[in-house]
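Okay, structure first, notes after.
The values are calculated or read from the model by the stated rules, or taken from the named source; none is laboratory data. All figures in this text were calculated on a predicted structure; none of them were measured in a lab. Quick reminder, even Gly has a Cβ in these numbers, built from the backbone with ideal geometry, and neighbours come from all protein chains shown. Note: accessible area is taken over every heavy atom of the protein model, side chains too, but ligands, DNA and RNA are not part of it. Shrake-Rupley method; radii C 1.70, N 1.55, O 1.52, S 1.80 Å.
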Amino acid sequence: MTESAIAVGPVVLLGAPGAGKGTQAKQIARRFGIPQVSTGDILRENVAQGTELGRKARAVIERGELVPDDLVLPMVAERLTQLDCERGFILDGFPRTVNQAEWLDRFLESREFCGKKFRPVVINIKVGYNQLLQRLTGRRSCPADQKIYNIYSQPPKKEGVCDFCGTQLVQRKDDKEEVISERLKSYERQTLPLVDYYRRQGRLREIDGELSVDQVTAEMISAIEGSSAAGSA
Ligand code: AP5
């Protein structure tokens, strides 16, 4: 049976800003043929397109704070009910608060993936503070195909240019040092409690995010494959 013929169910990626959620979500999405649903990417697209949601979210993102639930929850509900999510999806950057996690639990209670119910596989990518700072200040990304680079650990072949499409790489506005520190504070205050929330439910898998990108991916694949069989209800 091919990977694309079986249901994977929901996968939730937790981790601080810079832990590698986006990098890993792309690998997992490709490996299992499910979409990466990144709330940060969707919000940034809305900002770039100047939609009403983007206009409301822009200043909040640029301050490094969390966008209010009355904007984020309908946006996520709309994305997760699209057809490409019917075998499963990987959530990158959502949930970020206990309120969002409780909302997701209620949302998933009513959902089936290819006719089966799944509980989410929750993976926490753990990375130390100094490494997070270096990753965020060194991150560059391609605005055309969203490939992620790092000037220290994963530089492009030619400085400042995407290896795949040749587009000029950009630095995210919220990767400035003063905004990074706000993002890390809101992570500690609002998102870290989710680790305990999922641990209490016996759903949490923890991975050392300071390993190489390929090693982290391999550990994630094994966590997802191990949990998918056991995770269906
Ligand atoms: P979002 O876009 O979700 O940002 P984040 O959580 O701060 O996470 P990042 O995208 O910064 O980091 P990442 O973990 O994806 O790391 P990456 O793979 O890029 O959110 C942005 C904003 O949107 C929020 O601040 C908030 O305002 C709003 N928002 C989003 N979701 C929301 C929600 N649910 N509710 C409310 N508001 C929301 O990697 C980082 C760097 O490290 C890269 O350069 C990469 O190349 C490098 N790297 C990755 N892995 C490795 C490795 N193993 N070894 C060495 N380098 C590595």
Kindly provide the set of residues from the range 22-70 that are closer than 23 Å to Asp145 by Cβ, of a type outside the set (A, V, I, L, M) and outside any helix (DSSP H, G or I), ordered by number.
Gly33, Pro35, Gln36, Ser38, Gly50, Thr51
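Residue by residue, here is whether (1) near the ligand (Cβ under 9 Å from one of its atoms); (2) open to solvent by 70 Å² or more (accessible area, probe 1.4 Å) holds:
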site: Ser181; (1), (2): no, no
site: Tyr187; (1), (2): yes, no
site: Arg203; (1), (2): no, no
site: Ser222; (1), (2): no, yes
With respect to Gly18, determine if the residue is assigned to a loop (DSSP other than H, G, I, E, B), at pLDDT 95 or above and open to solvent by 10 Å² or more (accessible area, probe 1.4 Å).
yes
Consider the range 92-110. How many of its residues are open to solvent by 80 Å² or more (accessible area, probe 1.4 Å) and either touching a Pro at 6+ places or on another chain (Cβ under 6 Å) or within 7 Å of the ligand (Cβ to nearest atom) (or both)?
0
Output for Cβ contacts, cut-off 9 Å, separation at least six or different chains, first residue hydroxyl-bearing (Ser, Thr, Tyr) in the range 77-104, second within 12 Å of the ligand (Cβ to nearest atom), reads Thr97/Leu66; Thr97/Asp69; Thr97/Gln190; Thr97/Thr191; Thr97/Leu194
Scan the range 80-91 and tell me whether some residue there is over 15 Å from Leu14 (Cβ atoms), within 14 Å of the ligand (Cβ to nearest atom) and part of a helix (DSSP H, G or I).
yes
Just checking, how many residues over the range 34-72 are of a type in the set (A, V, I, L, M) and touching a Phe, Trp or Tyr at 6+ places or on another chain (Cβ under 6 Å)?
2
Just checking, does the range 57-70 include any residue being touching a helix residue (DSSP H, G or I) at 6+ places or on another chain (Cβ under 9 Å), away from the ligand (no atom under 11 Å from the Cβ) and at pLDDT 95 or above?
no
Lone qualifier among Asn124, Asn130 - being polar (S, T, N, Q) and surrounded by 19 or more Cβ atoms within 10 Å (Cβ to Cβ):
Asn124
Candidates Leu194, Leu169, Leu211 - the one that is closer than 29 Å to Phe32 by Cβ, within 13 Å of the ligand (Cβ to nearest atom) and surrounded by fewer than 16 Cβ atoms within 10 Å (Cβ to Cβ):
Leu211
Could you tell me which numbered condition Asn150 fails, if it satisfies all but one of (1) open to solvent by less than 60 Å² (accessible area, probe 1.4 Å); (2) away from the ligand (no atom under 15 Å from the Cβ); (3) under 25 Å from Pro35 (Cβ atoms)?
(2)
